[in-house]
1. Anything in the stretch A:411-429 that is more than 23 Å from the chain's Cα centre (by Cα) and either under 23 Å from A:Gly55 (Cβ atoms) or in contact (Cβ under 8 Å) with a residue 24 or more places away in the chain (or both)? List them, or say none.
2. Tell me, yes or no, whether the stretch A:297-307 has at least one residue that is under 13 Å from the mean Cα position of the chain (by Cα), touching a residue at least 60 places away in the same chain (Cβ under 8 Å) and either away from chain B (no Cβ under 14 Å) or farther than 15 Å from A:Met62 by Cβ (or both).
3. Being without any contact (Cβ under 8 Å) to a residue 12 or more places away in the chain and not in a strand (DSSP E or B) is the requirement here; does A:Pro167 meet it?
4. Which number in (1) part of a loop (DSSP other than H, G, I, E, B); (2) within 13 Å of chain B (Cβ to nearest Cβ) marks the one condition that A:Lys434 misses?
5. Evaluate the following for A:Asp190: is it open to solvent by 30 Å² or more (accessible area, probe 1.4 Å) and either over 17 Å from A:Gly322 (Cβ atoms) or assigned by TED's automatic domain parsing to the domain that holds A:Ala71 (or both)?
6. Any idea which of (1) within 15 Å of B:Gly28 (Cα to Cα); (2) away from chain A (no Cβ under 14 Å) is the one B:Phe253 doesn't satisfy?
7. Among all residue pairs at least 6 apart or on different chains, which show Cβ distances below 7 Å where the first residue, located in the stretch A:198-217, is at positive phi and the second is of a type in the set (Lys, Arg)?
8. Out of curiosity, is A:Leu393 free of Cβ contacts under 8 Å to residues at least 24 places away in the same chain and assigned to a helix (DSSP H, G or I)?
Amino acid sequence: MSETVRNTGLFALVGVLILITGVMQSWNSALLILNMGLISAIMALGVNLQWGFAGLFNIGIMGFVALGGLAAVLVSMPPVPEAWTAGGTGILLALLLGIVTIWGAMLAMAKLPKGRTRVLVLLAILVGGFFVFRAVFDPAVVQIEAVSPAATGYLGGLGLPILLAWPVGGLMAAGAAWLIGKTALGLRSDYLAIATLGIAEIIIAVLKNEDWLSRGVKNVIGIPRPLPYEIDLQSDPAFIERAAGLGLDPVMASTLYVKIGYAVLFLIVLLALLWMAQMALKSPWGRMMRAIRDNETAAEAMGKDVTRRHLQIFVLGSAICGIAGAMMTTLDGQLTPGTYQPLRFTFLIWVMVIVGGSGNNFGAVLGGMLIWFFWVQVEPIGLFVMELITSGLPEDSGLRAHLVESAAHMRLLTMGVILLLVLRFSPQGLIPEK
Amino acid sequence: MDFLNALVAIANYVLIPGIAYGSQLALGALGVTLIYGILRFSNFAHGDTMAFGAMVTILVTWWMQSAGIGFGPLPTALLALPFGILGCMALVLVTDRLVYRFYREQKAKPVILVIVSMGVMFIMNGLVRFIIGVDDQNFADGTRFLISAGDFKQMTGLDEGLAIRTTQAITVITAVVVVAWLFWFLNRTRTGKSMRAYSDNEDLALLSGINPERVVVYTWLIVAALATVAGTLYGLDKSFKPFVYFQLLLPIFASAIVGGLGNPLGAIAGGFIIAFSEVTITYAWKKVLIYLLPAPLEPEELVQLLGTDYKFAVSFVILLIVLLFRPTGIFRGKSL
C-alpha cells in the first residue's frame, strides 16, 4: 500500500466516522464535531510547527487560544461609550504608565553598571511604578465596572466585523509569544514548558478577573457572527422555499446551513495554513529548522542563530493557535473564561499532534480531527459500555449508579491510554515525518 | 499594644498559612526533584499522583469513620495515611513497570519521558475523577483548632486573635518528620547513598555495582510516600478537589526549579519562598497598617498588591527571575 493511498484512507476514515455520527446520531452533532475538529486541526498545526519542526516544548497553548478568544471580543463587540467616558482615559493612561515603568526598568538594567545601585534603582522603578499604576488603574476600573454591570460593565470592543478578529487573534497571540520567547527561549526545554504553562494560567486569570476588559466570569455573550442567524433564515421566504425544495423543514435546514457555512470558512483557513506550513516545511527555512531540531550544536556551528530561529517559529506557531482560538470563540458566539482548562486546551492538542505524527503537517491535521472525534464520542460510547457492564446489577445498586455516572470521566482515561499506546508502539504517529 | 496586635495579625494571616502552605509545597517539590535527580525528567503527573494518594487516604478515612475508628482529637486521615501511601506506591510501581521502564531501557530523551508523563497524567486524572468524582470532598475531623482566635484574645488580652488550626500544626509537624527521615535516609543508609551516587554520576554508580532498577524502585516508593503525604495534608488543610491538584503543578515546579532541580534542600527552600511570596503579595495589608501607622496615614483601601486569583502570577514571576539570573536555581541544582 503506497503512502498516499494509506494517508488518503486515514482521512477518509475520519470522514466516514463523521458520516456515521450523522446517520446514527444527528447531522447537527456531526457538523459540530466537524467544525470543532477543523479548529482543533488548526491548533495542532500550530503546535506541530513548534514541536514537530523545531522541537520546542510549549504547554501554554490554552493561553494563546484564550488570547484569540479575547481578540474576538475586542474586535467585534460594540463599544460601550459610557464606560469609555467613565474610565477609558484612566485605563489607557494606566497601561501607558505600566509600559513606561517596564521600559524604564529595562533601560536601567541595560545602562547602569552591575552592582547594588542597579538593584536599588530597578527596585525603586518597579515598586514606584507599580503603585502609580495601581493609583490610576483602580479608580478607572471601578468606574468602568459600575456602568450597568449586569449588561456591560466593560469597555466593549471596536464593533468591527468578526472575521477581522481571526488575524487579530493571531497577532495578539504572536505578541504574547514574542514576550515569552524573548525571556524563556534559550532555557532548557523543561523550563520553557513550565514557563509556558505559567503564562497560560496567568492569561486565564487575567481574563477571569479583569472585568473591565472581558467581563471576567460574567462572560461575553452574543458575539456577532459572520453568518446569518437561524431565526432570520427561518423567516426568510426564499430560504424556506429552497429548504422545501430539498425536502427539509426550515428549522433543520437553517441550523445545517449555518454549520456548513462555518465549516466552509474554517476549511478555507485550515487549507491556507496547511499550504503555508507545507511550503515552509519544504523551503530551506524548514530544512534549517529541522537541522536545528536534530542537532542544535551542529547547526550553531554552521552559523545558524538558533535562539532567533526558535523565537521565530515559537511566535508563528502561537499565532496559529491564536487564530484558532478566535475562530472557536466565533463559533461559540461567546467568551467564557471559566471553561478554559489546560487538559482540554493544552494537553489534548498535544495528544492530537503526537497521535497524528509530529513533524508532519498532514499528520497534525489528521490527529486533530480524529482525536477530537474520539474526545466527543468517548462519552456516549463509555456510557453505553457502562450500561452494558452494569446491566446485570440491580437497578438501585449504588455501584451501578456510580459507574454510569462516572462514564463521563472516561474520556481523560481514554486519551491517556491512546497517547501512551501511540508513544510506545508507533512513536512516529499515524502519518510519520518524511 | 498596637505593635503587638500588628505582629499577631501578621502571624495569623501570613506566617501560619505561609508555613503550612510552604510545607505542602516543599513536600510536593521534593517528589518532583527526586524524580528529576534519579529518573532525569520533569514528571507532569506529580500533581495527579498527589491527588491519587490523597484519594486512597480519603476512601480509607471514610471507611474508618463509618467503622467508628477514630484518632481522638487528631484527624482520622492520619491513621488512613499509611494505606494511602501503600495504594499510591502500588500505582506508581505499576506505572513504572508498564510505562516508564520501556523508555528507560531505550535511553529515550528526557523530553519524550515528559510527554509520556503527560499521558500518565491523563490516566491518573481520569482514574481519580472516575473513582471519587470531581466534587469537593471534606474528610477532616477531630478538633478543629489548636488555639482558636477567641481563646487567644482572652489569654492575651489583645484585640487581634491568633488561630492555629489542628491541620496546620499537623502539616508542619508531619512535614518536619518526613523531611528529617528523608535526609537521614539519603545521607545515612546504603540505599540512600546509592541513590545519591546514581544521581551524581550514573556510569560511575553502575561501575561500582549499584543496581539501577533497585534505585529506581526505591525512588518511586519514596516519591509515592511524599506525594501522598503532601496531597493528604493539602486536602486536610484546604479541601480535596481533583482539579486543584493539577493546578498545584505550577507552584510545585516553581519551588523545585527556584531551589535548583534535583536538590532536595533547594526544593524545601523553594517551597517556602514560593508560599511566602504568594501569601504576602495576595494578603490585604490594611489591618496591619492601621495598627502600625498613625491615624492620618491609615489606608482606606485593602492594600492588597495583587488579587488572590493572581497567585499563579507570583510563583511564575519568581520562577522567571530566578531562571533569568541564576538558571540553576538558588541551591545549584542537579546534585542529590
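1. We begin by selecting, within the stretch A:411-429, every residue more than 23 Å from the chain's Cα centre (by Cα); these are A:417, A:420-428.
Residues satisfying the conditions are A:Leu420, A:Leu421, A:Val422, A:Leu423, A:Arg424, A:Phe425, A:Ser426, A:Pro427, A:Gln428.
2. Residues of the stretch A:297-307 that are under 13 Å from the mean Cα position of the chain (by Cα), as a first pass: none.
No, the stretch A:297-307 has no match at all.
3. On the way: without any contact (Cβ under 8 Å) to a residue 12 or more places away in the chain: no; not in a strand (DSSP E or B): yes.
Spelling it out, it is not the case that A:Pro167 is without any contact (Cβ under 8 Å) to a residue 12 or more places away in the chain and not in a strand (DSSP E or B).
4. (2)
5. Numbers: open to solvent by 30 Å² or more (accessible area, probe 1.4 Å): no; either over 17 Å from A:Gly322 (Cβ atoms) or assigned by TED's automatic domain parsing to the domain that holds A:Ala71 (or both): yes.
When the stated conditions are applied, A:Asp190 does not pass them.
6. It fails just one condition, (2).
7. As it stands, the answer is A:Gly216/A:Lys208, since those pairs meet every condition given.
8. So A:Leu393 fails the test.
The values are calculated or read from the model by the stated rules, or taken from the named source; none is laboratory data. Note that the structure is predicted; figures quoted are calculated from it, not measured. Neighbour counts are summed over all protein chains in view; Cβ atoms, including those assigned to glycine, are modelled from backbone coordinates with ideal geometry. We work out accessible area using only protein heavy atoms, side chains counted, and drop any ligands, DNA or RNA first. Shrake-Rupley method; radii C 1.70, N 1.55, O 1.52, S 1.80 Å.
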